[in-house]
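In what follows, a structure is listed as structure tokens, so that the remarks can point back to it.
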Amino acid sequence: MPELISSSPAARPVDTERGEWIALHVFYAASPRPMLVNCVRPLVAELTAEGLLAGHFFINYWLEGPHVRLRLRPASPEAAPEVRRRAEEALTGFLRTRPALYEVDSGFLKDFYNELFDIEFPGEDRARYMGEDGRMNLRPNNSFSLERYAPEYAKYGGPAGVELAEWHFRHSSDLVIDAFRTMNLHLRTVLLGTSAQLMMVMASCFLPQEDRLADYLDGYYAFWHRAFPGTGFIGSQEYERNYTQMAPALGSRFAAIRSAVAAGELGRLPSFLRGWAEHCLELRDRVADLATRGELLFPVWDGPAREDTGQERSEPAEAAPLEKLTHVPAVLPRLLSPYMHMTNNRLHVTIRDEAYLSFVLGQVLREPAAPAGAAADDAGTETAAGA
């Protein structure tokens, strides 16, 4: 049985060597690709080269309008003012020279975001994001603001789990920005093919047993289907129709990746996937180590762990005991889901497409595949057909 602890992970140990995270929300109603490649990438490279930065990552988010949440961790408290100054200067320059021209307030996306708002904010906490008309507020396009960084302790397993997630997010962010720079991810087939293969690699590293992996992917699809009931966001029948068109190629690709990972022969993978597999295996080992040492703490309550609130809850800490999860086979799938989802988030893959890919990958595992080595050498990116 998991050990129950009556305390809160919100009391994170103070880091006296590194500075506190700086969180900048950049409201940009367009593809984030140019901002990430032409602004964030050189900014992070310069700050890191000068020894001013100890960590960084980004996510895409929709609350109060589409925006990028950029997180920068200064190498020391003394470096924080310069990191913030340089970041704000770089963002101001980018938004002035490359503004987003689309206005969410005038298009169909406003209704889409309001539907998400109603689903994810059904209670009283919606008031701070809502206008007098009862709809979600929209921040000014081509603007940014300094916000509080609220680590998601509930989702990632307490302070130790969050620190590990932040380490992983830096790698995931760098991987995605480099992919934006070098691949044609503006093409839907390439985007979904890339996402599918990154999901294949991460899932294979965390859950090498074929039956467990198939069950997990089925459950991952079912989770997204339950999360948006009655909205039409997540498909079912159309997924089954498209599956028959792409199953043979995707099945042999998945088999090749699983075979290479299981055999420890990552050299059989193309360089893009090889580096990702190496990272995912290290991430899995770090998760297992934290679990074994009893450092991963999850709340017993099964409530939402939204990105905007981190560990906030209305109940006092003593009303929300924690589980110390030490059973590695139980912890791995629990953390695999948010890790995998946030990489798709950075790629700008929609939840609908992520659910589609998890459905297809789960199905191909249950079908006879081509020989495992058949697709290892040509594992490119244009593999997934559109949903």
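Read-outs: derived from the displayed coordinates by stated rules, not from any lab. This structure is a prediction, so every number in the text was calculated from the model and none was measured. All Cβ positions, glycine included, derive from the backbone under ideal geometry; neighbour counts span all protein chains shown.
For this structure, a couple of remarks:
- Each of Asp289 and Glu210 was given a label point 7 Å from its Cα along the Cα-to-Cβ line. The distance between the two points is 3.2 nm.
- Segment Ala49-Ala222, length gained on full extension (0.36 nm per residue, minus Cα span): 57.9 nm
- Straightening the chain between Arg18 and Lys324 buys 107.4 nm, computed as 0.36 nm per residue apart minus the Cα-Cα spacing.
- Distance from region 129-201 to region 329-350 (C-alpha centre basis), Å: 11
- Relative packing of peptides 288-300, 151-163, 199-211 - highest average C-beta neighbours within 10 Å first: 151-163, 199-211, 288-300
- Amide H contacts under 5 Å for Ala150: none, restricted to partners 5 or more places along the chain or on a different chain, H placed in the peptide plane at 1.01 Å from N.
- By average C-beta atoms within 10 angstrom, highest first, the peptides 267-276, 341-350: 341-350, 267-276
- Extension gain (nm, one decimal) between Leu187 and Glu147, 0.36 nm per residue minus Cα-Cα: 11.1 nm
- Site pair Ala127 and Ala262 shows an inter-label distance of 5.6 nm when each label is modelled 7 Å from Cα along Cα→Cβ.
- Working note: Karplus 6.51/-1.76/1.60 with θ = phi - 60° gives region 85-100 the couplings 4, 5, 5, 5, 5, 5, 5, 4, x, 5, 5, 6, 8, 9, x, 6 Hz, where Gly and Pro are set to x.
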